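Q: Just passing along the structure, written as structure tokens.
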Amino acid sequence: MIKLIFILNFYLFLVGNAARIKQEVSAAPQNREEWTFDDPRWDNDIPDWFAKDFIPAKGPSEEFSQHFWKSKAQKTLQDKLNTKVNLNQSKNVVIMIGDGMGISTIMAARSYLKDVSTELSFDKFPYAGLSKVYSVNYQVPDSACTATAIMRGVKTNFAVVGLAASVSHANCSASLNEDAKVPSIFKYAQDAGKSTGIVTTTKVTHSTPAAAYAMSPSSLWEFDKSRIPAECDDIGKQLIHGPVGSKLDVVLGGGLENLMPANLGGKRRDGRNLIDEYKKQHKNSSVVYNKDQLKSVDPKTIDKLLGLFANSHLNFKLLANDETQPTLTEMTAKALDILKKNQENGFMLMVEGGMIDRAHHLNQVRNALEEVVEFHKTVEYVKQNTNEEDTLIIVTADHSHPFTVGAYPPRGRNILGPGHYSFIDNKWVLSTSYTFGPGYYDHVDKTTGERISPRGMNYMEPTFRPPSIAPMNEGTHSGEDVGVFASGPYSHLFTGVYEQNFIAHGMMYASCLGPDDVLKNPKCENDAENEIK
């Protein structure tokens, strides 16, 4: 009897849950709407441009007139004419990296957020350009070499962090050569008395954040793996004890396992608890592990903050426990509160939306776009809570992904859903796709090799994977140029098309930082208080 009641209750739960989901879908705005298998549009809305009775989609009625577009263009023109070049010294620098956030991803995120015409926060920045992301030895790069370019001003080899291209991957002995070591802009900021911090949704020892503070011939050496020679420190150790890592004022992200010994659930083989060592090293510090602890941190009472909110990467925002995992915006807000205490010398902050990249690798397009939306909110927060007169904000991607938006979806339709129809195999095609990755077999019948119709697929599921051309365990990066969006002092320097490593040189010039052999901002040289040490 008890078993029967349980089964009945479970059945009612499933029915009720299905009804709730159906209600949510039907109540969703058009750009989030999911066509069910029985939706008549699969049969009635086939876009046959050669059929006599075909009626093309209609866009927003307000866009029908010439006046709409002329007015829009004239406003843009006037805004550009009114933009004054900001030649102030950049007291603060915020580097914001959407890992894997290519141009197609930005376009899809606009549509996913509201409409393809929607402006993301960084779309509104006064200056934009394109950076070329190839590495010294590969046409398509990884995050280690691209982040090194952005934060150290030189291009290097694939999977190498903070070192010149004279060092090949995993070559420890070559990495010890002083000529191969490239200081990061974070070192120059610390030398100038600025507060420094990194915030990421990946592991704090992952490729992009590591480029701020570490030098390693392999981005894979995040903890003391057996194959790492004794004379080369792993990235986790460099975070806590390195010359730059040990001076970071704020470190927030995931990667707890790389700082903890194996007997406490970590990955370290040396038995060292780098968290305890951090606490002993920084007396007036705080270490937090969840959202509530982060919220309770009083910036007035601490000087150093280490937040580790996951053993590995943080979970995707759509799948995370909102009560325990902080968002990228929440982490960044706390970091700013602490760094802004240094009113005399300013600060440098790196913020990475790292899970955009992880979602693309898995071909999980909705998770990727949701991470872009959160990144967009974080950029908006930083812009609203800093002063553009003295704060340079750079928003860019380290690299892109071979993620494509095509198939002619009408305006307003869900960018994740059906976009066009193939009259070759008489099946709909989705608007998004990948070149490589695990989404291949979700759309190809393993027995017949024929393409599977997307009809009835739950493409609004966070883990849903659109088709890829070739099967791989993970998708790869791509090599096309990525956007660079800039606001604040000397932001006009970041227009045009340039090598990715130029970004570091532009930031150094704007903020009066850098070595003696780089071009100096005359305003800084003439001000004794701003002499570069």
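Q: Spot the failing condition for SER71; the list is (1) at pLDDT 95 or above; (2) open to solvent by 70 Å² or more (accessible area, probe 1.4 Å); (3) assigned to a helix (DSSP H, G or I); (4) of a type outside the set (A, V, I, L, M, F, W, C), and only one is missed.
A: Condition (2) is where SER71 drops out.
Q: Of (1) part of a loop (DSSP other than H, G, I, E, B); (2) open to solvent by less than 30 Å² (accessible area, probe 1.4 Å); (3) touching a residue at least 24 places away in the same chain (Cβ under 8 Å), GLY197 satisfies all except one. Which?
A: Against the list (1) part of a loop (DSSP other than H, G, I, E, B); (2) open to solvent by less than 30 Å² (accessible area, probe 1.4 Å); (3) touching a residue at least 24 places away in the same chain (Cβ under 8 Å), GLY197 comes up short only on (1).
Q: For segment 484-498, does any single residue satisfy the condition of being surrounded by fewer than 19 Cβ atoms within 10 Å (Cβ to Cβ), in contact (Cβ under 8 Å) with a residue 60 or more places away in the chain, aliphatic (A, V, I, L, M) and not in a loop (DSSP other than H, G, I, E, B)?
A: yes
Q: Please list, ordered by first then second residue, the pairs with beta carbon atoms under 8 Å, 6 or more apart or interchain, first in segment 40-64 and free of Cβ contacts under 8 Å to residues at least 40 places away in the same chain and polar (S, T, N, Q), second open to solvent by 60 Å² or more (accessible area, probe 1.4 Å) and not in a helix (DSSP H, G or I).
A: Hits for this filter: zero, empty list.
Q: Here's another thing I want to ask about it. Which condition number does GLY449 fail, the rest of (1) at pLDDT 95 or above; (2) open to solvent by 40 Å² or more (accessible area, probe 1.4 Å) being met?
A: (1)
Q: In this structure, is SER111 surrounded by fewer than 20 Cβ atoms within 10 Å (Cβ to Cβ) and either under 18 Å from the mean Cα position of the chain (by Cα) or in contact (Cβ under 8 Å) with a residue 60 or more places away in the chain (or both)?
A: no
Q: Kindly indicate whether any position in segment 331-338 is part of a helix (DSSP H, G or I), at pLDDT 95 or above and open to solvent by 30 Å² or more (accessible area, probe 1.4 Å).
A: Yes, because at least one residue in segment 331-338 is part of a helix (DSSP H, G or I), at pLDDT 95 or above and open to solvent by 30 Å² or more (accessible area, probe 1.4 Å).
Q: Check whether at least one residue in segment 272-286 is under 22 Å from THR386 (Cβ atoms) and among the aliphatic types (A, V, I, L, M), and report yes or no.
A: For segment 272-286, residues under 22 Å from THR386 (Cβ atoms) and among the aliphatic types (A, V, I, L, M): absent.
Q: Something else: Go through (1) at pLDDT 95 or above; (2) open to solvent by 90 Å² or more (accessible area, probe 1.4 Å) for ASP53 and report which single condition fails.
A: With respect to (1) at pLDDT 95 or above; (2) open to solvent by 90 Å² or more (accessible area, probe 1.4 Å), ASP53 is out only on (1).
Q: Name the residue, out of GLU388, GLU461, GLU480, that is under 17 Å from ILE356 (Cβ atoms) and open to solvent by 70 Å² or more (accessible area, probe 1.4 Å). So that I can check it myself, show each step before the final result.
A: On the way: GLU388 fails: under 17 Å from ILE356 (Cβ atoms); GLU461 fails: under 17 Å from ILE356 (Cβ atoms).
None of the others qualify; the one that does is GLU480.
Q: From the set of residues in segment 144-174 that are open to solvent by less than 10 Å² (accessible area, probe 1.4 Å) and of a type in the set (Ser, Thr, Tyr), which is farthest from ASP357 (Cα to Cα)?
A: Among residues in segment 144-174 that are open to solvent by less than 10 Å² (accessible area, probe 1.4 Å) and of a type in the set (Ser, Thr, Tyr), the one farthest from ASP357 (Cα to Cα) is THR156.
Q: State which residue is modelled with the highest pLDDT when the search covers only segment 511-533 and only residues that are under 17 Å from TYR490 (Cα atoms) and exposed (fewer than 12 other Cβ atoms within 10 Å of the Cβ).
A: Filtering segment 511-533 for residues that are under 17 Å from TYR490 (Cα atoms) and exposed (fewer than 12 other Cβ atoms within 10 Å of the Cβ), the one modelled with the highest pLDDT comes out as LEU519.
The values are calculated or read from the model by the stated rules, or taken from the named source; none is laboratory data. Since we're looking at a predicted model, the values are computed, not measured. As a convention, Cβ positions derive from the backbone with ideal geometry for all residues, glycine included, and neighbour counts pool all protein chains shown. These accessible areas exclude ligands, DNA and RNA; they are computed on the full protein's heavy atoms, side chains included. Shrake-Rupley method; radii C 1.70, N 1.55, O 1.52, S 1.80 Å.
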